[in-house]
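A.B. asks: Here it is: the structure, laid out below.
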Amino acid sequence: MAKQGGGDIEWATCLAPPAASTYPCASSPVRLVAWAPGGPSSPPSYIYSNASHVRPVVACKLRAISSKDVLTILGTDDLDLAFSQLHGKGREDPGDHRVRRLDGGCRQQRLHPHHSQGQLPPYGRDFDGSIATGRFSNGRLTTDFLSVALGLPSSVPAYLDGSYTIDQLATGVCFASAATGLDALTAKLSSVIPLSQQLEYFKEYKGRLKLAKGEAVADKIIADALYVFSIGTNDFMLNYFVVPLRAAEYTPEEYATDLVSLAEAAVRDVHELGARKVMFSGIPPFGCVPVMRTVNHDAPGECNEEYNRVALRYNAEIQDAIGRLDSELGAGSQVVYTDVYDVPYHIIANPSGYGFENAAQGCCRTGLYETSVLCGVDEAFTCQDADKYVFFDSVHPSEKTYRILADKIVRSTLQVFL
């Protein structure tokens with residue numbers, strides 16, 4: 001029996017496993033890396049590792065026998081910026097540029113406190129006061145740097161953090177939830193806040209603003225804010241390729257098209273709620289994140305270029321869709337696509353050119369598959385200088401990488417709104 005998340009987990013016999021040599025299951029000691037809740041008629045799916053490799057569980061299932069049925073999610077998290085809203089005076093604009101962020105970037109926003117494993121060391125060790133804030137990195141994220149570029153505080157507060165007043169949230173707020181996606185199933189897999197619920201929180205936030213500021217001022221805050229969407233990586237990385245539930249229903253091309261439709265609907269929803277300035281990002285080259293290199297069966301340790309081609313196809317479709325929305329939503333609205341693929345790809349291809357020494361492994365522990373609480377196990381093995389690493393864990397970039405990406409966005413896409 002193994003202890004995890006407060007309950008006992010039995011490494012049960014595989015149900016219709018592939019080859020035992022490929023998926024050892026109970027035949028050898030394994031470590032839980034991630035899990036996906038099952039349904040009424042199916043047990044949960046897991047990603048596990050042993051000493052030599054990490055493998056996604058496809059037909060192999062493990063049975064949880066915890067009396068509380070509570071497992072801590074240890075799975076991958078996306079590289080996305082999320083749905084955020086930044087407010088405040090831009091350096092070149094006398095008006096407000098408050099920022100609202102939806103999806104993935106305020107890492108502490110989870111449905112349950114025990115899922116907020118980004119609030120554990122070594123995460124946040126280079127943040128102010130070396131505090132783990134829920135961000136899955138050693139320091140700040142891209143949206144934090146965008147906030148600074150707009151003359152705002154150096155970190156964007158989470159809406160569900162009760163320590164912030166509505167006056168503080170009026171200058172910027174994050175509704176994001178790590179590991180969520182455009183597809184509601186993606187959020188369900190990791191038991192995190194779906195995009196639909198984030199939009200409900202945004203409605204609630206609007207109501208609180210009106211009570212605190214009056215309707216006219218609140219409406220102006222909402223209309224003048226910059227809304228940052230960065231979402232979609234987990235849909236592919238977790239929901240399609242790692243726990244391949246959607247792969248049984250869609251080709252990668254069909255799934256990309258479906259996600260683009262969901263993205264369009266989300267932008268229309270925030271527009272209907274008053275948003276007029278929207279920045280929507282594509283997805284990064286997720287085939288090159290360390291954990292995807294680790295599970296690349298055809299070329300272990302190398303980028304999975306098939307996955308990167310999927311990212312490029314999706315990005316082309318979402319860019320076209322955002323361009324159409326910008327035209328359709330009419331005067332007074334700006335909907336702009338921002339690229340988050342090229343900068344990481346170039347950094348990974350030439351890390352030394354950007355001052356990095358390692359682009360294939362994360363800073364935390366082995367850097368091959370650890371993320372979330374696994375980074376806190378044997379923390380002493382985590383690297384001493386995260387600035388030498390493109391990634392802090394096996395999925396998420398280091399603060400230095402986020403800073404480089406943010407600088408590119410500030411000098412390009414952000415200028416549209418200034």
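The values are calculated or read from the model by the stated rules, or taken from the named source; none is laboratory data. Fair warning: this is a prediction, and the values are worked out from it, not measured in the lab. Cβ placement follows ideal geometry from the backbone for every residue including glycine, while neighbour counts extend to all protein chains displayed.
A.B. asks: From (1) out of contact with any Phe, Trp or Tyr (no Cβ under 8 Å at 6 or more places or on another chain); (2) surrounded by fewer than 23 Cβ atoms within 10 Å (Cβ to Cβ), pick out the condition that doesn't hold for N308.
C.D. replies: If we test N308 against (1) out of contact with any Phe, Trp or Tyr (no Cβ under 8 Å at 6 or more places or on another chain); (2) surrounded by fewer than 23 Cβ atoms within 10 Å (Cβ to Cβ), just (1) comes out false.
A.B. asks: Next question. How about the range 153-212: which of its residues are of a type in the set (V, I, T) and either in contact with a Leu (Cβ under 8 Å, 6 or more places away or on another chain) or modelled with pLDDT of 95 or more (or both)? Before you say what the answer is, go through the steps one by one.
C.D. replies: At the first step, the residues of the range 153-212 found to be of a type in the set (V, I, T) are 156, 165-166, 171, 173, 180, 186, 192-193.
Passing the criteria: V156, I166, T171, T180, T186, V192, I193.
A.B. asks: Pick out, from the range 124-228, the helices (runs of 4 or more DSSP H) lying fully within it that include 1 or more residues that are in the same structural domain as P344 (by TED's automatic domain parsing), within 23 Å of V336 (Cβ to Cβ) and free of Cβ contacts under 8 Å to residues at least 40 places away in the same chain.
C.D. replies: 142-149
A.B. asks: Take A360 and tell me if it is assigned by TED's automatic domain parsing to the domain that holds L259 and free of Cβ contacts under 8 Å to residues at least 60 places away in the same chain.
C.D. replies: No.
A.B. asks: Among the residues of the range 271-293, is any farther than 13 Å from M237 by Cβ, of a type in the set (V, I, T) and assigned to a helix (DSSP H, G or I)?
C.D. replies: Checked against the condition, which is being farther than 13 Å from M237 by Cβ, of a type in the set (V, I, T) and assigned to a helix (DSSP H, G or I), the range 271-293 yields no hits at all.
A.B. asks: Would you mind finding the one in S352, S372 that is touching a Phe, Trp or Tyr at 6+ places or on another chain (Cβ under 8 Å), farther than 21 Å from A265 by Cα and assigned by TED's automatic domain parsing to the domain that holds M237?
C.D. replies: S372
A.B. asks: Further question on the same structure: Quick check on the range 394-404. Is at least one of its residues more than 20 Å from F280 (Cα to Cα), touching a Cys at 6+ places or on another chain (Cβ under 8 Å), touching a residue at least 24 places away in the same chain (Cβ under 8 Å) and assigned by TED's automatic domain parsing to the domain that holds C288?
C.D. replies: yes
A.B. asks: Going through the range 391-409 one residue at a time, which ones are touching an Asp or Glu at 6+ places or on another chain (Cβ under 9 Å) and not basic (K, R)?
C.D. replies: F392, D393, S394, V395, H396, S398, E399, Y402, A406, I409
A.B. asks: Within the range 292-304, is there a residue that is assigned by TED's automatic domain parsing to the domain that holds L199, over 20 Å from the mean Cα position of the chain (by Cα) and closer than 19 Å to Y255 by Cα? Steps first, answer last, please.
C.D. replies: Going through the range 292-304, the residues assigned by TED's automatic domain parsing to the domain that holds L199 turn out to be 292-304.
Going one step further and asking which of them are over 20 Å from the mean Cα position of the chain (by Cα), we end up with 296-302.
Checking which are closer than 19 Å to Y255 by Cα leaves us with none.
No: the range 292-304 contains no residue that is assigned by TED's automatic domain parsing to the domain that holds L199, over 20 Å from the mean Cα position of the chain (by Cα) and closer than 19 Å to Y255 by Cα.
A.B. asks: Using the structure shown, decide if A380 is modelled with pLDDT of 90 or more, of a type in the set (G, A, S) and either in the same structural domain as S261 (by TED's automatic domain parsing) or surrounded by fewer than 17 Cβ atoms within 10 Å (Cβ to Cβ) (or both).
C.D. replies: no
A.B. asks: Return the total of residues in the range 231-252 being within 20 Å of the chain's Cα centre (by Cα) and either within 14 Å of P284 (Cβ to Cβ) or in a loop (DSSP other than H, G, I, E, B) (or both).
C.D. replies: The total comes to 10.
A.B. asks: Considering only residues that are buried (at least 17 other Cβ atoms within 10 Å of the Cβ), of a type outside the set (V, I, T) and closer than 23 Å to Y255 by Cβ, look in the range 340-360 and name the one that is farthest from the chain's Cα centre (by Cα).
C.D. replies: By that ranking, first place goes to Y345.
A.B. asks: Moving to a separate point now. Identify, by number, the condition in (1) surrounded by 16 or more Cβ atoms within 10 Å (Cβ to Cβ); (2) touching a residue at least 60 places away in the same chain (Cβ under 8 Å); (3) over 29 Å from S147 (Cβ atoms) that N239 doesn't meet.
C.D. replies: Checking N239 against (1) surrounded by 16 or more Cβ atoms within 10 Å (Cβ to Cβ); (2) touching a residue at least 60 places away in the same chain (Cβ under 8 Å); (3) over 29 Å from S147 (Cβ atoms), the one that fails is (2).
A.B. asks: Taking the residues in the range 286-300 that are touching a Cys at 6+ places or on another chain (Cβ under 7 Å) and in contact (Cβ under 8 Å) with a residue 40 or more places away in the chain as candidates, determine which candidate is surrounded by the most Cβ atoms within 10 Å (Cβ to Cβ). Walk me through it before giving the result.
C.D. replies: If we filter the range 286-300 for residues that are touching a Cys at 6+ places or on another chain (Cβ under 7 Å), which is where we start, we get 287-288, 293.
From what is left, the residues that are in contact (Cβ under 8 Å) with a residue 40 or more places away in the chain are 288, 293.
Working: C288: 25, R293: 21.
Among those residues, the one meeting the criterion is C288.
A.B. asks: Here's something else I'd like to know. Any idea which of (1) farther than 28 Å from D385 by Cα; (2) surrounded by 15 or more Cβ atoms within 10 Å (Cβ to Cβ); (3) polar (S, T, N, Q) is the one S327 doesn't satisfy?
C.D. replies: Unmet condition: (2).
A.B. asks: For the range 405-418, enumerate the residues that are in a helix (DSSP H, G or I) and in contact (Cβ under 8 Å) with a residue 40 or more places away in the chain.
C.D. replies: Within the range 405-418, L405, A406, D407, K408, I409, V410, T413, L414, V416, F417 qualify.
A.B. asks: Among the residues that make up the range 304-323, is at least one of them in contact with a helix residue (DSSP H, G or I) (Cβ under 7 Å, 6 or more places away or on another chain), among the β-branched types (V, I, T) and over 30 Å from I222 (Cα atoms)?
C.D. replies: Yes, there is a match, as at least one residue in the range 304-323 is in contact with a helix residue (DSSP H, G or I) (Cβ under 7 Å, 6 or more places away or on another chain), among the β-branched types (V, I, T) and over 30 Å from I222 (Cα atoms).
A.B. asks: I've got another one for you. If you take just the strands (runs of 3 or more DSSP E) that sit entirely in the range 320-396, which of them hold at least 3 residues that are closer than 19 Å to I409 by Cα?
C.D. replies: 334-338
A.B. asks: A follow-up question, please. Looking at (1) part of a helix (DSSP H, G or I); (2) touching a Cys at 6+ places or on another chain (Cβ under 7 Å), find the lone condition where C303 falls short.
C.D. replies: Result: C303 fails condition (1) only.
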